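The values are calculated or read from the model by the stated rules, or taken from the named source; none is laboratory data. Just so you know, these numbers come straight off a predicted model, no measurement behind them. Please note: Cβ atoms are built from the backbone with ideal geometry, for glycine as well, and neighbour counts cover all protein chains shown. We work out accessible area using only protein heavy atoms, side chains counted, and drop any ligands, DNA or RNA first. Shrake-Rupley method; radii C 1.70, N 1.55, O 1.52, S 1.80 Å.
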Amino acid sequence: GAFVVGQTRLNVPAGLASGRYRLGVVALNLSTQSEEGSYLAPSTFEVIGHPRSFTVPPIQHRSDVEFGKQIRLLGYDLKPPVKSAGQQQVALTLYWQAMVAPQGDYKVFAHLLDPTNEKIAAQHDAMPLEGRYPTSWWAAGEVVCETVTVDLTGVKPGAYRLAVGLYDANTMTRLAALGPNGVRLDADRIVLPESIPGPP
């Protein structure tokens, strides 16, 4: 006579066509794998396909670093730090391409590093497009562009570098990063060669 309340997350397949769908639940006997009952929700919900691009746009700096043999960082555009509303920020546009359909939802990190001691002075940390387009939704071959900003407020004057990578938020494990020559990169990240000036 007990009531049991549970919640589950159902990822919508990346290739599912747009349209209206219904959810169904089936209870299985674990011993026999036979169906003990089922329920089909009377209401429907709409799936709206995300616009996808498989065309590589012009890129300022090529990198071609692979992460976890699932996602490739094709390259990036980097703008000099600018002041806006009293804050100084650096904008970094990243061009990702799914080598296969990614198996998980991975977060992007962009660390502003002091190259003398590797200390992180500022950072950006979020799922792609500020969480609006998780990597598990990407299709094989798809190109995803996003611009991330790193706030330099409070950063001491000096010369810094940006490091970029991907990690599994559930395990906090970084995806293995391989350079174009197939050699694994230190700390599973790409450190951009450009110097970033801290606020004067």
Task: Rg followed by Dmax, in Å, when segment 5-112 is reduced to its Cα trace - done: 21.7, 66
TODO: Would you work out which of 113, 131, 92 lies farthest towards the positive end of the dipole of segment 43-138, given +1 charges on the beta-carbon of Lys and Arg and -1 on that of Asp and Glu, about the Cα centre?
DONE: 92
- [ ] Amide H neighbours of residue 123 under 5 Å, at least 5 residues apart or on other chains, H built in the peptide plane: list them.
- [x] 112, 151
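Hey, got a sec? Which GluC sites (Glu not before Pro) in segment 1-46 land in a DSSP loop and have at most 11 other Cβ atoms within 10 Å?
none
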- [ ] Roll a 1.4 angstrom probe over the protein heavy atoms and tell me the percent of accessible area of segment 47-200 that is carbon or sulfur.
- [x] 54 percent
Task: Sites matching chymotrypsin sites (Phe, Trp or Tyr not before Pro) across segment 1-58 that sit in DSSP coil, with at most 10 neighbouring C-beta atoms within 10 Å - done: 3
TODO: Give me the lysines in straight-line cross-link reach of residue 107: C-alpha distance below 18 Å, same-chain residues under 8 apart excluded.
DONE: 69
TODO: Quick one: among 20, 72, 189, which has the greatest mean-square fluctuation in a GNM of the chain with alpha-carbon springs under 10 angstrom?
DONE: 20
Task: Max mean-square fluctuation residue, GNM over the chain, Cα-Cα springs under 10 Å, options 172, 99, 127 - done: 172
Task: Accessible area per residue in Å² at 1.4 Å probe, computed on segment 1-110 - done: 69 Å²
- [ ] Identify which of 116, 32, 153 has the largest mean-square fluctuation in a Gaussian network model of the chain, with springs joining Cα atoms closer than 10 Å.
- [x] 32
TODO: Percent of Cα-Cα pairs per 5 Å bin, from 0 to the last occupied bin, for the chain, please list those.
DONE: 1, 6, 13, 15, 15, 12, 10, 8, 6, 5, 4, 2, 1, 0, 0
TODO: Multiply the residue gap between residue 41 and residue 91 by 0.36 nm, knock off their C-alpha separation, and tell me the result in nm, one decimal place.
DONE: 13.4 nm
TODO: Identify all aspartates and glutamates with a Cα-Cα distance to residue 83 below 17 Å; exclude those on the same chain that are fewer than 8 residues away in sequence.
DONE: 151
Open item on the list: Going by Cα centres, segment 49-105 and segment 123-177 are how many Å apart?
Closed with: 9 Å
TODO: Give, rounded to the nearest 20 debye, the magnitude of the charge dipole that the chain has about its Cα centre when Lys and Arg contribute +1 at Cβ and Asp and Glu contribute -1 at Cβ.
DONE: 240 debye
